[in-house]
Structure formats: C-alpha cells, structure tokens
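**Student:** The structure under discussion is supplied below as structure tokens; questions concerning it will follow.
The values are calculated or read from the model by the stated rules, or taken from the named source; none is laboratory data. These figures come from a predicted structure and were not determined experimentally. A quick note on method: Cβ atoms are made from the backbone with ideal geometry, for glycine too, and the neighbour counts reach across all protein chains shown. Accessible surface is based on the protein model in full, side chains and every heavy atom, while ligands, DNA and RNA are left aside. Shrake-Rupley method; radii C 1.70, N 1.55, O 1.52, S 1.80 Å.
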Amino acid sequence: MFFDTCGRDRKLTKDQRNEIIKRTGLTSRRITYWFSNHKRRFKNEIKTYRHLLEQGTITTYDEFVEFLRDNRLPKIRI
C-alpha cells in the first residue's frame, strides 16, 4: 500500500487508514509518522517506481519488485 499510495503521489484515504489501524493497531498519528519517515527513507525508490509507472513498464508494486529482481537491483526492505 505504501508504494501504491506514495508512488502515485496520493494520500491515504480514510478507508485505507482505517484498514491499517485495524490490521496493525497503530494510531492514526503513528501511521502518519510512519508514512512520512518512509517517504524520506525510500525517496529514490519512489522516484524509480513513479518513473517506471509513467513509462508503462510496471503497473503494480509486485511488478516493481519483479523488475528489481530481474535487473539485479537491490531489494527494498520496508
């Protein structure tokens, strides 16, 4: 959900936020901080993800991970 949201330059919807709260037990504020920190941490990966989306090379995060593996690029650990 992180790359699909940030990679497409979107914010979490209320439904997405509520789903994360339900699955993780985190507060809304902690989710906001987590996303903010990970945007900074994965700045280059998000930029690559957006570029590949715009090119039409990939359409999902799973395809992005496969692209990284096939091209022997470093794996992303979130």
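**Student:** Against the conditions (1) in contact with a helix residue (DSSP H, G or I) (Cβ under 7 Å, 6 or more places away or on another chain); (2) assigned to a helix (DSSP H, G or I), where does Ile76 fall short? Just the number, please.
**Tutor:** Exception for Ile76: condition (2).
**Student:** Please specify each residue of the stretch 40-58 satisfying the condition of being open to solvent by 80 Å² or more (accessible area, probe 1.4 Å) and more than 11 Å from Phe3 (Cα to Cα).
**Tutor:** Result: Arg40, Arg41, Asn44, His51, Glu54, Gln55.
**Student:** Can we say Asp4 is acidic (Asp, Glu), in a helix (DSSP H, G or I) and open to solvent by 60 Å² or more (accessible area, probe 1.4 Å)?
**Tutor:** Answer is no for this residue.
**Student:** Which of the residues that make up the stretch 7-39 are surrounded by 13 or more Cβ atoms within 10 Å (Cβ to Cβ) and part of a loop (DSSP other than H, G, I, E, B)?
**Tutor:** Gly7, Leu12, Leu26
**Student:** If you don't mind, another one. So, in the stretch 20-50, exactly how many residues are without any contact (Cβ under 8 Å) to a residue 12 or more places away in the chain and farther than 15 Å from Ile76 by Cβ?
**Tutor:** So the count comes out to 14.
**Student:** Do you know which residues across the stretch 11-58 are under 13 Å from the mean Cα position of the chain (by Cα) and of a type in the set (Ser, Thr, Tyr)?
**Tutor:** Matches in the stretch 11-58: Ser36, Thr48, Tyr49.
**Student:** Looking at the stretch 22-31 only, could you name the residues that are over 13 Å from Phe2 (Cβ atoms) and β-branched (Val, Ile, Thr)?
**Tutor:** Within the stretch 22-31, Thr27 is the sole residue that qualifies.
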